[in-house]
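The values are calculated or read from the model by the stated rules, or taken from the named source; none is laboratory data. Keep in mind the model is a prediction, meaning the values are calculated, not measured. Neighbour counts run over all protein chains shown; Cβ positions are idealised from the backbone, glycine included.
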Amino acid sequence: MRYLLSNIYIIPACSTAITVLSFAISVCLKDVEWFQSSGAVVTVGGVILAARKIIRLGYEEFMKGEKTIDGGNFVPTPEEIEQSKQFELDIKAYRWSIRLLIAGTLIWAYGGIVLRLLWSKV
């Protein structure tokens with residue numbers, strides 16, 4: 001479960017798939033709530049990505065790592081190399097989280113209005 005929640009590719013893909021599916025359902029049923037509600041799911045995806053480091057490490061390891069000062073080595077150890085890779089993924093996850101949080105909030109707040117406007121012009 002931890003792997004799924006800390007994967008920076010699965011969360012955006014699932015959020016996008018849910019949004020597209022909800023949009024299709026809304027259009028078919030002429031019911032804006034499906035699409036609008038998908039904004040909440042996208043927002044949750046953004047929150048999960050923002051918390052990736054805590055999810056990946058677990059709370060105890062996260063807190064331990066935040067309190068540890070490491071002087072490092074001249075030649076990086078395999079653990080340091082892996083930590084560096086994970087840090088880069090944490091940064092990517094954070095950037096994705098901002099996008100998902102903004103998109104999810106806008107869909108959640110205005111998705112119904114946009115669909116109603118589109119339907120009124122058709």
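Between residues in the range 104-116 that are within 21 Å of I11 (Cα to Cα) and among the polar types (S, T, N, Q) and residues that are in a helix (DSSP H, G or I) and at pLDDT 95 or above, which pairs lie under 8 Å by C-beta distance while being six or more apart or on different chains?
T105/G39; T105/T43
Please list, ordered by first then second residue, the pairs with beta carbon atoms under 8 Å, 6 or more apart or interchain, first in the range 5-24 and under 11 Å from G45 (Cα atoms) and free of Cβ contacts under 8 Å to residues at least 24 places away in the same chain, second among the hydrophobic types (A, V, I, L, M, F, W, C) and part of a helix (DSSP H, G or I).
Going by the 8 Å Cβ cut-off, the qualifying pairs are I10/L4.
Being of a type in the set (A, V, I, L, M, F, W, C) and at pLDDT below 90 narrows it down to one of I55, I11, so name that one.
I55
Considering only residues that are surrounded by 12 or more Cβ atoms within 10 Å (Cβ to Cβ) and farther than 23 Å from L115 by Cβ, look in the range 1-12 and name the one that is nearest to the chain's Cα centre (by Cα).
Among residues in the range 1-12 that are surrounded by 12 or more Cβ atoms within 10 Å (Cβ to Cβ) and farther than 23 Å from L115 by Cβ, the one nearest to the chain's Cα centre (by Cα) is I11.
Within the group A93, A40, which residue is touching a Lys or Arg at 6+ places or on another chain (Cβ under 7 Å) and touching a residue at least 24 places away in the same chain (Cβ under 8 Å)?
Within the list A93, A40, the selection yields A93.
Please work out which residue is nearest to I10 (Cα to Cα), limiting yourself to the range 33-49 and to residues that are among the small types (G, A, S) and either touching a helix residue (DSSP H, G or I) at 6+ places or on another chain (Cβ under 6 Å) or surrounded by 21 or more Cβ atoms within 10 Å (Cβ to Cβ) (or both). Don't jump to the end; show me each part of the working.
Looking only at the range 33-49, we keep the residues that are among the small types (G, A, S), and these are 37-40, 45-46.
Going one step further and asking which of them are either touching a helix residue (DSSP H, G or I) at 6+ places or on another chain (Cβ under 6 Å) or surrounded by 21 or more Cβ atoms within 10 Å (Cβ to Cβ) (or both), we end up with 38-40, 45-46.
Numbers: S38: 16, G39: 17, A40: 17, G45: 10, G46: 12 Å.
Ranking the candidates gives G45 first.
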